[in-house]
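**Q** What follows is a structure written as structure tokens; I'll ask about it next.
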Amino acid sequence: MTVPGQRILWFGVGLLAAAALCSTSALADEIRLKDGKKLYGVIVAYEDNMFKVKTDFGYVLVEKDKIASIIPDTPGQANSSQPVPPAKPSVSSDPKPATEPDPAATAKKEKAAAIAASAKARPEIPVATKAAADASAPAIKTAVATPKSTLLPSSAPPPPPKPADREEIQGNLYTNHEYGFRMYKAPSWQLIDGAGQALPNAIVAMGTSNESTLLVVGREDTKTPLDSAAPAVEKRLHEVYDNYRLISQRKTVVGGQPAFEYRYRGMADGHDWSGTLSVVSHGGDIMTILGMTFADTDLIQIQENVIARSIASVDFSVK
């Protein structure tokens, strides 16, 4: 779409071109168009079937196919004309006897031939002619927009596929795609940043907003068998809690995998904690699930049951 400023500019250019077509200037070639109009000026360039004519009002571009004849400005030749051939355009004057060549006409012909053969000539200031307003008139050359396909290299690689989410929560179900497990998440629990520091090599931590109940899933950096790895993990709890007390321990199964379960009590951060630690052997890895809640509140029984449900719901069949 042409902006208003551009419309004003082209309107002014059109007025200048119309004046050039109607002018009669001395010492200029007469260019007769097929629609009956006449143009007076000097041909200075030719390119893409377009003559560039210098007039008293500026430069005008005229399409070759629209020209009926060109009468050079040669003394005594004003009434003679030469039609423009369909091949490469040329300008000629009335023939003179071979014994008496007209130097001015010969120079004019050579000049016109040189201009027509110049494929590198470029118009300096394109000016619209009055014929450009007619439906049959040629349009002024304008800048050609660069095709969008040339703006990007054809060999540009496609964008990489978006990686799958590492973890997601759907309702009361937490799924970890990276480590391939899912488990129950209580409605009041949320993922907690930083709470995973409660257990080394933590994968995810979740719990209540006031962190009175926490559950941390981790992966041990060890290749030792479960019978040796489980006691080593439980021993680290002695360093975390004051007055650590082991309540019970047993072999069990978590998510269809062999596991050890430890239940304990201990003091930390001014609170008495009740905790359950499950150490699970899964595909050559040692996974740990540590759930803990305040033991000095009336909700201890409820939160212990929620932790037990979460651990029992672990499923390692996620693909």
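Each value in this text was obtained by applying a stated rule to the coordinates, not by laboratory testing. Since we're looking at a predicted model, the values are computed, not measured. For neighbour counting, all protein chains shown are included, and Cβ atoms are generated from backbone atoms with ideal geometry for every residue, glycine included.
**Q** Would you kindly derive the ³J(HN,Hα) couplings of the range 46-61 from the backbone phi angles with the Karplus curve 6.51 cos²θ - 1.76 cosθ + 1.60 (θ = phi - 60°), listing them in order in whole Hz, with x for Gly and Pro?
**A** 8, 7, 6, 6, 10, 8, 9, 10, 8, 10, 5, 10, x, 9, 10, 9
**Q** A 21 angstrom limit on the alpha carbon distance is what I want to check against. Which of Lys251/Lys319; Lys185/Lys251; Lys34/Lys64; Lys223/Lys319; Lys38/Lys66; Lys223/Lys251 exceed it?
**A** Those over the limit are Lys251/Lys319; Lys185/Lys251; Lys223/Lys319.
**Q** Let me ask something additional. Under Stokes-Einstein, with the Kirkwood radius over Cα pairs standing in for Rh, what whole-number D in µm²/s applies to the range 258-319 at 37 °C and 0.692 mPa s?
**A** The Stokes-Einstein estimate is 257 µm²/s.
**Q** Residue-wise, which Karplus ³J(HN,Hα) couplings in Hz belong to the range 296-312, taking 6.51 cos²θ - 1.76 cosθ + 1.60, θ = phi - 60°, and x for glycine or proline?
**A** These are the phi-based 3J(HN,Hα) values: 9, 10, 6, 8, 4, 5, 5, 5, 4, 5, 5, 4, 4, 5, 4, 5, 5 Hz.
**Q** Pull out a ≥ b ≥ c, the square roots of the eigenvalues of the alpha-carbon gyration tensor of the range 167-312, then state rounded if a/c is under 1.5, prolate if not and a/b is larger than b/c, and oblate in the remaining case.
**A** oblate
**Q** Among 215-221, 278-284, how do they line up from the highest to the lowest mean number of other beta-carbon atoms within 10 Å?
**A** 215-221, 278-284
**Q** Suppose R0 equals 30 Å; then what is the FRET efficiency for Thr297 and Ser317 from their Cβ-Cβ distance, rounded to the nearest 0.05?
**A** Taking R0 as 30 Å, the efficiency between Thr297 and Ser317 is 0.25.
**Q** Under a point spin-label approximation (7 Å from Cα along Cα-to-Cβ), what is the Leu173-Arg265 distance to one decimal in nm?
**A** With each label point 7 Å from Cα toward Cβ, the separation is 3.7 nm.
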